[in-house]
Every structure is written in C-alpha cells, then in structure tokens.
Amino acid sequence: MQWRMNESLTKCANELSAAESAVFSKILIANRGEIACRVARTARRMGVRTVAVYSEADRDALHVAMADEAVAIGPAPARESYLVADRFIDAARATGAQAIHPGYGFLSENADFARAVVEHGLVWVGPDATAIDAMGDKINARNLMAAAGVPVAPGTTDPAASVDVAVAEAARIGYPVMVKAAAGGGGMGMAAALDEAALRTEFEKVRGFAERMFGDGSVLIERYFARVRHIEVQILGLADGRVVALGERECSVQRRNQKVLEESPSPAVSPELRARLCAAAVRAGEAVGYRNAGTVECLLDPTTGEFFFLEMNTRLQVEHPITEAVYGVDLVEEQLRVASGLPPVFEAAGLTPSGHAIELRINAEDPKRFLPGPGAISTWVEPSGDGIRVDAGYGPGTTVTPNYDSLMAKLIVSGPDRATAIERARAAVADFQIAGPKCNLPFFAELLDNEEFRSGDYDTGIVGRMRA
C-alpha cells in the first residue's frame, strides 16, 4: 500500500467552536470524484483532516489533491480498487483515520462493509448495518413500510418464484406492472410490462440482469403508473434517536430511469402534501431505527395526489445540495456530527424551505442519446454569480475515464423562487465551458427552455417526449 501527504494544505483549527472540536480529527473518504471533493471541503471547514483513496486511473485526480493524505488502493477497475472493502479499512488504520465516510455509490450501501468498519474499531459515517440490510431488499423494505403505516403501491409481498407466479400476481394487481430486481437500485433492474406477453419477456430479462449485477435474482411485481412523478424526502436520524425530515426533492427528469435534474421544493407539492410526505418519511426512518442521512423515495400520482413508497437510500444522495440550498443545512457536517454523537447545528423543529434550487448533473455523455463519452478535458470554465454552486470532481487537464460513472460535476443554482432559479440555471449552462469529452450541457439548455418543464407540470416521461 502506498500513501502520500499533501503538505500544502493547512487545518482551520482557529475556526473551530468547542462543540466542533469533539468531531473526528481525521476521516477517510471511501470514494472518488465530486462526492469525495465535496466531503473533503466540509471536513476542512470543520478542521477535520481527510484521507483520500485512489486507483491507478485516479492518481492525479482532483479529490486526491484536495485531501491531506492519499492512499493508493489498486488498479483502475473498480472491482479491484473502489469495491474492495479491505483496502479502505487498511488505509484508514495505516493513516490513523478514526472514521470512514462512504459517499454514494460503490460500497456506500453495503452492510457487510459497514459491519467490517465497526468491527475494526472505526466509525461508519452512515446508518448501521441493520438498517442497510432492512432497506436493501425492496420486498423486505415494502413490507416493513406497510407495517409502519407508510403507503406502498399494490405489489408482491414475496419474491415471484417463477414467471407463472409473476403472471398470477400481475392479474391480481392489474396491468400495467413494473418488474423490479429486489436487490436493485439507481434505476437499474426494472422494466414495465403492459400485458402478459411483455411480462413473460421482461421477467426473464430482469431476473437474469439481477443475478449478474447483484448476485440475487429475486424479482418483485408492482403496479406501474403510466404518468407519475418521482418525489423523495431527505431524512436525518439524529444522535439522540429522533428522525427529522428536511423537505422533498423533485426527481422526475430522468433518462433510462436515472435522474439528471432535480429541484426543491417540488412544483407539484403543496404545504399539506409536504407535511404528509415528511410524516411518512419520518415513520419510515423510525421503523428501522435510522441514524444519519438517508432518503425516502416515493412515486406521486399527479392525478389523485396519492403517493407510494418506492425505496429508501441508506446514504447521502447525489442531489443533496438542493436541500442544503433551501434549508440552509450542510448535510455532510450533520453526518459527521451524528456519527460523533453530537446534536445538529440547526433547530429540528419548524424547518421550512426558503427559495428554490435546481441541480443539473453534468455528465460526460452524448446530449442526444445519453451514451458515455469519456476523454481528456482540454477546457473547463465554471460559471459564477449569485446563487451558483459547482460541485466538481474534474477540472482542466484531468481525464474522464471509462472505468467509472460519467458524472463530472453538479451545477446547483438557487434563487428566491423557481422562475429566478430557472433563469439563473439557463445563464449558468450557457457560461459553463467544457471541451474534450462529450457533455450533456446542450441537453440542459434545451430542457430549461422546454415549456413543459418550465410550467412545473411534468412527469418521469418528459425526457422521452423531448426525444420522441
């Protein structure tokens, strides 16, 4: 194992309050790219030293330069580096890190990794392994939520053991149905079936995909909503045992069931509906004794106003900055405080959104077909101005490799209202200059001018309609 120190960085010890001094002195960030940079930025502000990890492909990456120390953990393929739990634990122990922050993706929702971290005397900055296990299987999660009084869509309570069982369940639920991998996530391992013939085809496809990708071929069947909005609620399980909700995010702009733009508050959510969504999300967290940051994802029927539990992500979400913008809370700081046993810096009672925020995921991909387009970055000029924040994992002279996710940066734009946020986003997209890899900035320019999006009355089919 190789490690090195970035000696040019200094601590911000003079800025620490007495309470903050009780937070860890050093953490290891078990991730890469923009989320590793983002965690390091808050940690530095809090006076917490950071240890980065890097594969051979990331030796000169931005997150490595930002950390106080960096440890090499293996070859470029993730399965030989960022997905090897022992490498992180060994690096933490070698550098004297007290805690491990997993970011999102990779091993962030791996219960075995969370257990191993604790077993080696380190602190896991996230929910405990029991909660990760409980919510990691979609069928188990659905059943738990139903028992806790959280609305769930009509669907199976056990895995569909065969395609014939799936067909029988679909007849009970009513077509169309969604076929989903029980162990899936991130929009992967799901397909809609409009009739029995389609169900028989998609069932085998999803089961095979789930076995290859997740090592678990369990499949569930749920009601499919032809027109639906994807709404999620940010929760935070505090050190004293309380679970609080920090409002909702609208996540309906998706390609291939994966989000590309989010906004908060949702233009579809009234104060009354927000109260019901947040109450259900808190019940969901309380049902599993949740601690630290998490997200309860729901489907909202825009016609009836009904919402249904979709899944719980037991980690920090990619889109967490828009919640930070409208609630004035640094969620990474709160994660570290919860893991340290400290109270939050905000007053949990009476949290209300202020203003509006939009996040655009700047990916190295074709803006028409959304296919990955990695490459060396020759030009990188970030926008600036009122209400503009860029969380980047890349910069000029760095390279987007085909080994990892195509996310290069997140452009977060906020304003006093939705109309202002949209106009600031339009200007920021025009000012953001990236050359080298393919980039989806032209797609966002198109989306922000789209009348359906601008009206706020859109659903998860908006990108498909734009590309029809």
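What percentages make up the Cα-Cα pair-distance distribution of the stretch 314-468 when the bins are 10 Å wide from 0?
Reading the bins upward from 0: 10, 34, 34, 18, 4, 0.
Can you give the relative contact order of the stretch 75-195 as a percent, counting alpha carbon pairs under 8 Å and 6+ residues apart? Walk me through the numbers before you get to the answer.
Details: 102 pairs, mean separation 18.8, N = 121.
Relative contact order for the stretch 75-195 comes out at 16 percent.
V118 to A192: FRET efficiency via 1/(1 + (r/R0)^6), r the Cβ-Cβ distance, R0 41 Å, to the nearest 0.05?
Values: r = 40 Å, r/R0 = 0.97.
The computed FRET efficiency comes out at 0.55.
Could you put M145, M66 in order of accessible surface area, largest first, with the 1.4 Å probe and the full protein assembly present?
Correct descending sequence by accessible area is M66, M145.
Mind pulling the per residue volume of the convex hull built on the Cα atoms of the stretch 94-162? Å³ is fine. Mind showing how you got there, number by number?
Numbers: hull volume 8.9 nm³, N = 69.
That works out to 129 Å³ per residue.
Give me the one-decimal nm value for the distance between modelled label points at A419 and E80, 7 Å along each residue's Cα-to-Cβ direction.
That separation, rounded to one decimal, is 5.6 nm.
If you count only protein heavy atoms with a 1.4 Å probe, what accessible area per residue comes out for the stretch 350-468, rounded to a whole Å²? Before the final figure, lay out the partial values.
On the way: 4980 Å² over 119 residues.
Counting only protein heavy atoms, the per-residue value for the stretch 350-468 is 42 Å².
From largest accessible area down, sort V381, V463; use a 1.4 Å probe on the protein chains. Don't skip to the answer; put the middle values down first.
Working: V381 65, V463 10 Å².
Putting V381, V463 in descending order of accessible area: V381, V463.
Once both labels are modelled 7 Å past Cα along the beta-carbon direction, what's the A348-T130 spacing in nm?
1.8
With the Cα gyration tensor of the stretch 141-252 in hand, give its eigenvalues times 5 under a square root as the equivalent ellipsoid semi-axes, listed largest first in whole angstrom.
Working: eigenvalues 156, 49, 40 Å².
Over the Cα atoms of the stretch 141-252, the ellipsoid semi-axes are 28, 16, 14 Å.
For the stretch 250-336, what is the convex hull volume of its Cα atoms per residue in Å³? List each step's numbers first, then the result.
Details: hull volume 9.3 nm³, N = 87.
With only Cα atoms used, the stretch 250-336 gives 107 Å³ per residue.
Based solely on its DSSP helices, what 222 nm [θ] is calculated for the chain when runs of n ≥ 4 H residues each add -39,500 (n - 2.57) and the sum is averaged over all residues, nearest 500 deg cm²/dmol? Show your work: numbers first, answer last.
Values: 15 runs with 152 residues, N = 468.
The per-residue figure over the chain is -9500 deg cm²/dmol.
If the chain between S384 and N143 were fully stretched, how many nm would it gain, using 0.36 nm times the residue separation less the Cα-Cα distance? Write out the running numbers ahead of the final one.
Working: separation 241, 0.36 × 241 = 86.76 nm, distance 4.62 nm.
Result for the pair: 82.1 nm of gain on full extension.
Considering the zone a paramagnetic label at Q258 would reach in this model (a point 7 Å from Cα along the Cα-to-Cβ line), which residues of the stretch 293-327 have amide N under 15 Å from it?
Backbone N within reach: 318-319.
If you count, for each residue, the other Cβ atoms within 10 Å and average over each peptide, how do 115-121, 154-160 line up from highest to lowest?
Working: 115-121: 15.4, 154-160: 17.9.
Result, highest mean Cβ count within 10 Å first: 154-160, 115-121.
How much length is gained on full extension from S270 to A435, taking 0.36 nm per residue of separation minus their Cα-Cα distance?
Details: separation 165, 0.36 × 165 = 59.40 nm, distance 4.09 nm.
Gain on stretching S270 to A435: 55.3 nm.
More than 24 Å apart: what percent of Cα pairs in the stretch 40-159 qualify? It would help to have the intermediate numbers written out before the result.
Working: 2712 of 7140 pairs.
Summing the P(r) tail past 24 Å for the stretch 40-159 gives 38 percent.
Please work out the C-alpha center-to-center distance from the stretch 296-342 to the stretch 270-285 and express it in whole Å.
12
Write down the Å³ per residue value for the convex hull defined by the alpha carbon atoms of the stretch 178-335.
On the way: hull volume 18.9 nm³, N = 158.
Roughly 120 Å³ of hull volume per residue.
If the chain between R283 and A168 were fully stretched, how many nm would it gain, using 0.36 nm times the residue separation less the Cα-Cα distance? Kindly include the intermediate steps, with their values, before the conclusion.
Working: separation 115, 0.36 × 115 = 41.40 nm, distance 3.16 nm.
Residue separation times 0.36 nm, minus the Cα-Cα distance, leaves 38.2 nm.
Taking all pairs of distinct Cα atoms, average 1/r, flip it, and tell me the Kirkwood hydrodynamic radius of the stretch 292-392 in Å to one decimal place.
Details: mean 1/r = 0.0585 Å⁻¹.
So the Kirkwood estimate lands at 17.1 Å.
State, to one decimal in nm, how far the label point of R45 lies from the label point of K205, with both points 7 Å from Cα in the Cβ direction.
Taking the simple label geometry, R45 and K205 are separated by 4.4 nm.
Using only the Cα atoms of the stretch 85-125, what do you get for the radius of gyration and for Dmax, in Å?
Rg, Dmax (Cα atoms, Å): 9.1, 24.
The values are calculated or read from the model by the stated rules, or taken from the named source; none is laboratory data. All figures in this text were calculated on a predicted structure; none of them were measured in a lab. A quick note on method: Cβ atoms are made from the backbone with ideal geometry, for glycine too, and the neighbour counts reach across all protein chains shown. Protein only, heavy atoms only, side chains kept; ligands, DNA and RNA dropped before computing areas. Shrake-Rupley method; radii C 1.70, N 1.55, O 1.52, S 1.80 Å.
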